[in-house]
Every structure is written in C-alpha cells, then in structure tokens.
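Comments concern the structure below.
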Amino acid sequence: MEYIDKFDESEIPFEALAKFGITQDMIDDLPQQVIMRLLTGQYTPVMSLRTSNDDGQIVETRARIKLVRETDGTVSLCFAPYWDSADLEDYSLEEQEKLMNGIVILREEDGRNYYAQLDTMTNQVMKVPVELIQHNVESFFYRGEIGGNTKENVLAGQLAEIRSTQNSDIVTVGIDLSEEDGIRIVNGDAVVWKEESYRNDLAEFNFGTSGCWLSDQNGHLSYVPEDQYTEEIEEELERTGEQNMARTKMSQLGR
C-alpha cells in the first residue's frame, strides 16, 4: 500500500481545516485513536464539515480526512467524501455481493491489476494496485512460515483461516485496504473477520476541553461546542465526571 508517513501535530494544516469548519480546538478534542490515525497518514472516521458556496451559503457535508506529505515536504489534506449509497453499476452481481460484504476483489483496468474494496464508512470503492499489497502479504507469510495455498488464496482476495497445530485456535488473514499495510489479521474465523470490518470502537460521547465529539451508530463524528451542549450531553458529562471521581478514589484506596 502507499507509504504511511508520520506527522507531528504542529504540521496539521489548521488554516486549511478551518475552511471546512474544523478548528484547532476541535482537532485537540478528537479521541486519541482518531488523532493517532490522522498523524500516521490514515483516514479519520467520517466527520461533519461546513463550507460555503459561491453565494456565501453554508453547505454541510461529510468526509473522511487524512494528511498527505507533498514532494516539497509540505502537508496538505486529502478528503474521501461520504456518499449516501454506493455506485456499483460497473461491477457484476457477484462482485457487488463481495464488495458489500467487505471483501476485496481483483480487477483489471487499463492493463493494470487492482484490488478493489468498498469503504463502508463513505460508500466509495477504494482501489490499490496489486503490487503495493503483494509484497506485504508475501512478507507476512514468509515470517510465519505458513505453507500450502494459503498465501495464494489471500493474494486472490480470499480469506484464509489458519488453524493452530497445537490447539483449536484459528486466525483469519485477509486483504483490507483500510489497514495501514493492507492486511488485517483477527483471532477467529472468517465470520469474525467480516464482523470486525464494521466495528465502531468509539464511544457515543467523546468529551474534550472545549466540546464533545458525538459518534453515531455508523461511527460518523459530529462536534458540539461546550456552550451548545444539550440536556442529554450535560447529563452524560455529569455521569462521566462522577465515574472518573469514583475511579480516582478507588485508585487512591488501592495504594
């Protein structure tokens, strides 16, 4: 996959983000796991953005954001817009079924082979040249010294269930273009692998210093400044504060 660069927080282009309604305070309040994705060149979850059109009207949209280092060393933004539905007309019914289930497919376009996978966060199809993933897959299987046709199956876009020779443990390996190196490994069978594709590990309420990031059932993020908290958010903030105080007291008692 493409080279994953590392960024420092001071390199985040706050001025460019402000044009989309994302302030530095909002970035500072992001959950830690989202900040880590941003600083390692990965896409954030879908975030609510606000821009203005030529008539000066505010337009609300949603997209995933990642940082990109240009050839001159500067840092810019890359957006993956959210679509209400996936456009899969160019794919066969069999390919559409695989894409909707989070599985990669092999495609040839303009004489070059690609892996294609549906980004369920944005409903867009991601495409990555095969050779950018193939090296990572081969490196993984070389280190693990796993024989048989397992590697070839993964390179073909299939999931491979690797069973332990010593116990009943199963590990499933498959190509996932949303991962840093294009490979996702889970403890469990293929069913578990597919289920984890849709897992949202963010809490519904993510409080920061100046506001709260709300995560909906799809993992989409929207920001509410502190002075615009609803009664529901205020109640959750109070409950969270009480829990933190209780944990602190328990920790002190345990010393």
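The values are calculated or read from the model by the stated rules, or taken from the named source; none is laboratory data. Since the structure is predicted, the reported quantities are computational estimates derived from the model, not experimental observations. Note that we place each Cβ from the backbone using ideal geometry, even for glycine, and neighbour counts take in every protein chain shown.
Of all residues in region 44-64, count the ones that are in a strand (DSSP E or B) and either closer than 19 Å to D201 by Cβ or not hydrophobic (A, V, I, L, M, F, W, C) (or both). Walk me through how you get there before you give the answer.
Filtering region 44-64 for residues in a strand (DSSP E or B) gives 47-52, 58-64.
Those left that are additionally either closer than 19 Å to D201 by Cβ or not hydrophobic (A, V, I, L, M, F, W, C) (or both): 47-48, 50-52, 60-62, 64.
So the answer is 9.
Got at least one residue in region 107-122 being over 30 Å from L202 (Cα atoms) and of a type in the set (S, T, Y)? So that I can check it myself, show each step before the final result.
Taking region 107-122 and keeping what is over 30 Å from L202 (Cα atoms), we get 107-114.
Okay, now just the ones that are also of a type in the set (S, T, Y), so 114.
Yes: region 107-122 contains one or more residues that are over 30 Å from L202 (Cα atoms) and of a type in the set (S, T, Y).
If we keep just the residues of region 89-131 that are within 21 Å of the chain's Cα centre (by Cα) and over 28 Å from H220 (Cβ atoms), which is surrounded by the fewest Cβ atoms within 10 Å (Cβ to Cβ)?
P129
Out of (1) exposed (fewer than 15 other Cβ atoms within 10 Å of the Cβ); (2) modelled with pLDDT under 95; (3) not hydroxyl-bearing (S, T, Y), what's the single condition that is false for P45?
Evaluating P45 over (1) exposed (fewer than 15 other Cβ atoms within 10 Å of the Cβ); (2) modelled with pLDDT under 95; (3) not hydroxyl-bearing (S, T, Y) leaves (1) as the failure.
Only residues that are without any contact (Cβ under 8 Å) to a residue 40 or more places away in the chain and farther than 30 Å from T61 by Cα: list them for region 103-121, please.
R107, E108, E109, D110, G111, R112, N113
Anything in region 17-31 that is surrounded by fewer than 15 Cβ atoms within 10 Å (Cβ to Cβ) and part of a loop (DSSP other than H, G, I, E, B)? List them, or say none.
Within region 17-31, just K19 meets the criteria.
So C78 clears everything in (1) under 24 Å from S222 (Cβ atoms); (2) surrounded by 14 or more Cβ atoms within 10 Å (Cβ to Cβ); (3) under 18 Å from the mean Cα position of the chain (by Cα); (4) free of Cβ contacts under 8 Å to residues at least 40 places away in the same chain except one condition, right? Which one?
Condition (2) is where C78 drops out.
Which residue, of N149, N187, N167, is exposed (fewer than 14 other Cβ atoms within 10 Å of the Cβ), in the same structural domain as N101 (by TED's automatic domain parsing) and within 20 Å of the chain's Cα centre (by Cα)?
Just a single option satisfies the conditions, and that option is N187.
Give all pairs with beta carbons closer than 7 Å in which a residue from region 184-196 that is closer than 17 Å to V137 by Cα meets a residue that is assigned to a helix (DSSP H, G or I) and acidic (D, E); count only pairs at least 6 apart in sequence or on separate chains.
V186/E196
When you go through S52, S10, S85 one by one, which is the residue that is of a type in the set (S, T, N, Q), surrounded by 11 or more Cβ atoms within 10 Å (Cβ to Cβ) and farther than 30 Å from V137 by Cα?
Going through S52, S10, S85 in turn, the sole match is S52.
Which one of these does S139 not meet: (1) touching a strand residue (DSSP E or B) at 6+ places or on another chain (Cβ under 7 Å); (2) surrounded by fewer than 16 Cβ atoms within 10 Å (Cβ to Cβ)?
(1)
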